[in-house]
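*Asks:* The structure that follows is given in the form of structure tokens.
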Amino acid sequence: MRVPRSLRNPDRPRRPRLLATLCVAPLVAGCFASPGGGDSKASAARGGPRLRVALAFPPAENLSPYGADATILSRLGVTEGLTALDGNGSAVPGLAASWRREDDRTWLFTLREAVFQDGTDVTPAAVAASLARAGEARPAPAALAGVTLTAKAAGGAAVRVTTDSPDPVLPLRLSSPSLAVLSPKAYGNGGSGRHDAVDPVGTATGPFEITRVTGTGAAALDRFDDYWGGRAQASGIDVRFVADGAARANALRTGQVDLAEAIPVAQAATLDAGARRETATTRTTSLHLNAKSGVFEDPALRAAARAAVDASVFTEGVYEGHADAGAGIYGPAVTWAQGKRVRPAGRARAVAPGGASITLATYDNRPELPEVAQVLKQQLEKAGFTVQLEVREYSRVESDALAGRFDAFVAARNSLLDTGDPVSVLAGDFTCDGGYNLARLCDADVDRAVGRAQAAADADERQEAAMAAEAVILGTDAVIPLVHQRIITGVAAKVSGVLPDPYERTLVTAGTRR
């Protein structure tokens, strides 16, 4: 029986929403003092000390779930969707306890009993409204590339989700961090779906609730005691966003943090073996060439760039063995891909660059990327290009990259991050309507190949169609895979329950503690 809200901790005060300030806190000794009392008796009374976490990427979009910030929220245990992914990449229950397919365009999801962090119930109407807002967001979340869905309350605890065309992987799609379910108060400003119109502070459903955001430098989270999955082991999380990888590793070594994500390979050997967790991922580092404007609008010059790149040097030379050679958009962590890979065909004939001037850009939140870009600069210059290299922090480069202000861009992209569906990343990253199209690619053959893959319902047929589409995309030379990454997470000896995963959606869970 559902317990009335009036009987659920009626005297528990709601935590106030705290607006972000403009300061950015440096990573120095003492900066992880807990706003909730740290290891004090009060913290212990709440059920365990707070976790101190260093993340690599600061918020780029005001912690909107519709863009790159979505994984910050999911990795910290703030947001959840109707479904989640298991270790095999299959959809499993999240806020939906079960689901069934009613016809080729309609699915019925039955909700579990849960409450939002603002104390209101997770109802079918609230879920439907949350999914509708995601559909209205511009740019559209990558998980919704090529799909229009309608969600409606269906009586009892059920939500009926209908898509404009058959979508055999909808349960996978709804696992995306960008389709997290938030309470109606998250959209209380009446905005139109812009990034700044969504507020996840105190409106999500996960085991931890954001209580303070300090610009792009820090955030504080408290345990959400009414979490449907049971109270978290830690009483809260204190987060610092630290772009410098060496600083993250040093903070772990010196005991300033309990968890540090994305340890640079150059720093891995400085950590005790027991403090390193290496995980194969579906993340590929690639060179994206701007196919819409500038030098690389010419397929022959894209072919020249592809011919100039020697990807074999990156695995050992830059990643020191913590990566695998680039084989395609999908790497070895996608276990079925290699056996179904199709050789690209129809590539343009390369021409001499003749000193063509290009701007090559990347970001330093993943510390290997500037070194990769430097090596690429040398390779391209040797082939006859004139290269200007630009390196920024990710939040300061993403909008320019998506707007096509660079000729070439080096990025590390998790191919199964957005939906868990191998086809969705192709639609989001390489089609004319893709929302994360760094290569600015718009090619009719690519769109047709991706469309065929999207239409395949059988899992094996869908995989084969995805690999056929990958071959067409690679044939344009708009993207050049370099390496498939492994991630190294730094974990203090006293910490348990950390959950790094190949999809990079999860890190801290209700079971994480120190």
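*Asks:* Is it the case that segment 192-208 has a residue that's at pLDDT below 95 and over 22 Å from the mean Cα position of the chain (by Cα)?
*Replies:* Checking segment 192-208: at least one residue is at pLDDT below 95 and over 22 Å from the mean Cα position of the chain (by Cα).
*Asks:* Output yes when any residue across segment 104-124 is among the hydrophobic types (A, V, I, L, M, F, W, C), more than 25 Å from Arg452 (Cβ to Cβ) and open to solvent by 60 Å² or more (accessible area, probe 1.4 Å), and no when none is.
*Replies:* We begin by selecting, within segment 104-124, every residue among the hydrophobic types (A, V, I, L, M, F, W, C); these are 107-109, 111, 114-116, 122.
Cutting the leftovers down to more than 25 Å from Arg452 (Cβ to Cβ) gives us 108-109, 111, 114-116, 122.
Retained after the next criterion (residues that are open to solvent by 60 Å² or more (accessible area, probe 1.4 Å)): none.
So far as segment 104-124 goes, no, none of its residues is among the hydrophobic types (A, V, I, L, M, F, W, C), more than 25 Å from Arg452 (Cβ to Cβ) and open to solvent by 60 Å² or more (accessible area, probe 1.4 Å).
*Asks:* Next up: Specify which of the listed residues (Ala323, Ala401, Ala361) is touching a residue at least 40 places away in the same chain (Cβ under 8 Å), closer than 28 Å to Ala468 by Cα, touching a Lys or Arg at 6+ places or on another chain (Cβ under 8 Å) and open to solvent by less than 50 Å² (accessible area, probe 1.4 Å). Spell out the reasoning first.
*Replies:* Details: Ala401 fails: touching a Lys or Arg at 6+ places or on another chain (Cβ under 8 Å); Ala361 fails: closer than 28 Å to Ala468 by Cα.
Going through Ala323, Ala401, Ala361 in turn, just one is touching a residue at least 40 places away in the same chain (Cβ under 8 Å), closer than 28 Å to Ala468 by Cα, touching a Lys or Arg at 6+ places or on another chain (Cβ under 8 Å) and open to solvent by less than 50 Å² (accessible area, probe 1.4 Å): Ala323.
*Asks:* Also: For segment 70-103, how many residues are over 19 Å from the mean Cα position of the chain (by Cα) and assigned to a loop (DSSP other than H, G, I, E, B)?
*Replies:* To start, the set of residues in segment 70-103 that are over 19 Å from the mean Cα position of the chain (by Cα) comprises 93, 95-103.
Checking which are assigned to a loop (DSSP other than H, G, I, E, B) leaves us with 95.
Residues in segment 70-103 being over 19 Å from the mean Cα position of the chain (by Cα) and assigned to a loop (DSSP other than H, G, I, E, B): 1 in total.
*Asks:* Check whether at least one residue in segment 156-165 is within 29 Å of Thr431 (Cβ to Cβ), in contact with a Ser or Thr (Cβ under 9 Å, 6 or more places away or on another chain), part of a helix (DSSP H, G or I) and open to solvent by 30 Å² or more (accessible area, probe 1.4 Å), and report yes or no. Quick ask: steps written out before the conclusion?
*Replies:* Start the filter on segment 156-165 by keeping residues that are within 29 Å of Thr431 (Cβ to Cβ), which leaves 159-165.
Then keep just the ones that are in contact with a Ser or Thr (Cβ under 9 Å, 6 or more places away or on another chain); that gives 159-165.
Narrowing the set further to residues that are part of a helix (DSSP H, G or I) leaves none.
No, every residue in segment 156-165 fails to be within 29 Å of Thr431 (Cβ to Cβ), in contact with a Ser or Thr (Cβ under 9 Å, 6 or more places away or on another chain), part of a helix (DSSP H, G or I) and open to solvent by 30 Å² or more (accessible area, probe 1.4 Å).
*Asks:* Separate question: Sort out which residues of segment 364-378 are β-branched (Val, Ile, Thr) and either closer than 17 Å to Arg486 by Cα or open to solvent by 40 Å² or more (accessible area, probe 1.4 Å) (or both), and write them in order of number.
*Replies:* Here is the first cut: in segment 364-378, the ones β-branched (Val, Ile, Thr) are 372, 375.
Correct list: Val372 only.
*Asks:* Among the residues that make up segment 133-150, is at least one of them open to solvent by 20 Å² or more (accessible area, probe 1.4 Å), in a helix (DSSP H, G or I) and among the charged types (D, E, K, R)?
*Replies:* Looking for residues that are open to solvent by 20 Å² or more (accessible area, probe 1.4 Å), in a helix (DSSP H, G or I) and among the charged types (D, E, K, R), one finds at least one in segment 133-150, hence yes.
*Asks:* Tell me whether segment 54-61 contains one or more residues that are in contact with a Leu (Cβ under 7 Å, 6 or more places away or on another chain), in contact (Cβ under 8 Å) with a residue 40 or more places away in the chain and surrounded by fewer than 24 Cβ atoms within 10 Å (Cβ to Cβ).
*Replies:* So far as segment 54-61 goes, no, none of its residues is in contact with a Leu (Cβ under 7 Å, 6 or more places away or on another chain), in contact (Cβ under 8 Å) with a residue 40 or more places away in the chain and surrounded by fewer than 24 Cβ atoms within 10 Å (Cβ to Cβ).
*Asks:* Same structure again: What tally of residues in segment 112-155 results from selecting those that are modelled with pLDDT of 95 or more and over 22 Å from the mean Cα position of the chain (by Cα)?
*Replies:* Number of matching residues: 22.
*Asks:* Here's another thing I want to ask about it. Evaluate the following for Ala97: is it of a type in the set (Gly, Ala, Ser), modelled with pLDDT of 95 or more and over 21 Å from Gly420 (Cα atoms)?
*Replies:* Numbers: of a type in the set (Gly, Ala, Ser): yes; modelled with pLDDT of 95 or more: yes; over 21 Å from Gly420 (Cα atoms): no.
No, not satisfied.
*Asks:* Considering only segment 250-302, how many residues are under 19 Å from Val372 (Cβ atoms) and part of a helix (DSSP H, G or I)?
*Replies:* 6
*Asks:* List, please: which pairs have Cβ atoms under 7 Å, are six or more places apart or on different chains, and start with a residue in segment 493-507 that is open to solvent by 40 Å² or more (accessible area, probe 1.4 Å) and end with one that is part of a loop (DSSP other than H, G, I, E, B) and among the charged types (D, E, K, R)?
*Replies:* Short answer, once both residue conditions are applied: Lys494/Arg514.
*Asks:* Related question: Just to check your reading of the model, which residue among Asp443, Asp418 is open to solvent by 20 Å² or more (accessible area, probe 1.4 Å), more than 21 Å from the chain's Cα centre (by Cα) and among the acidic types (Asp, Glu)?
*Replies:* Working: Asp418 fails: more than 21 Å from the chain's Cα centre (by Cα).
Answer to the selection: Asp443.
*Asks:* Against the condition over 19 Å from the mean Cα position of the chain (by Cα), open to solvent by 10 Å² or more (accessible area, probe 1.4 Å) and within 17 Å of Val147 (Cβ to Cβ), how does Gln463 come out, does it pass? I'd like the intermediate steps shown before the answer.
*Replies:* Details: over 19 Å from the mean Cα position of the chain (by Cα): yes; open to solvent by 10 Å² or more (accessible area, probe 1.4 Å): yes; within 17 Å of Val147 (Cβ to Cβ): no.
No, not satisfied.
*Asks:* What are the residues in segment 284-320 that are without any contact (Cβ under 8 Å) to a residue 12 or more places away in the chain and within 27 Å of Val334 (Cβ to Cβ), if any?
*Replies:* Correct list: Glu316 only.
*Asks:* Can you name every residue in segment 355-382 that is at pLDDT 95 or above and either touching a Pro at 6+ places or on another chain (Cβ under 6 Å) or part of a strand (DSSP E or B) (or both)? Full working, then the answer.
*Replies:* Taking segment 355-382 as the starting set, the residues that turn out to be at pLDDT 95 or above are 355-363, 369-382.
Within segment 355-382, Ser357, Ile358, Thr359, Leu360, Ala361, Thr362, Tyr363 meet the criteria.
*Asks:* Anything in segment 210-249 that is among the acidic types (Asp, Glu) and either within 20 Å of the chain's Cα centre (by Cα) or not in a loop (DSSP other than H, G, I, E, B) (or both)? List them, or say none.
*Replies:* Step one: list which residues in segment 210-249 are among the acidic types (Asp, Glu), which gives 222, 225-226, 238, 244.
Asp222, Asp238, Asp244, listed by residue number.
*Asks:* Out of everything in segment 472-514 that is in contact with a Pro (Cβ under 7 Å, 6 or more places away or on another chain) and not in a loop (DSSP other than H, G, I, E, B), what residue ends up being nearest to Ala311 (Cα to Cα)?
*Replies:* The extreme case among them is His484.
The values are calculated or read from the model by the stated rules, or taken from the named source; none is laboratory data. A quick note: this is a predicted structure, and the numbers were derived from the prediction, not measured. Heads up, the Cβs are rebuilt from the backbone with ideal geometry, glycines too, and the neighbour counts pull from every protein chain shown. With ligands, DNA and RNA removed, areas are computed over all heavy atoms of the protein, side chains included. Shrake-Rupley method; radii C 1.70, N 1.55, O 1.52, S 1.80 Å.
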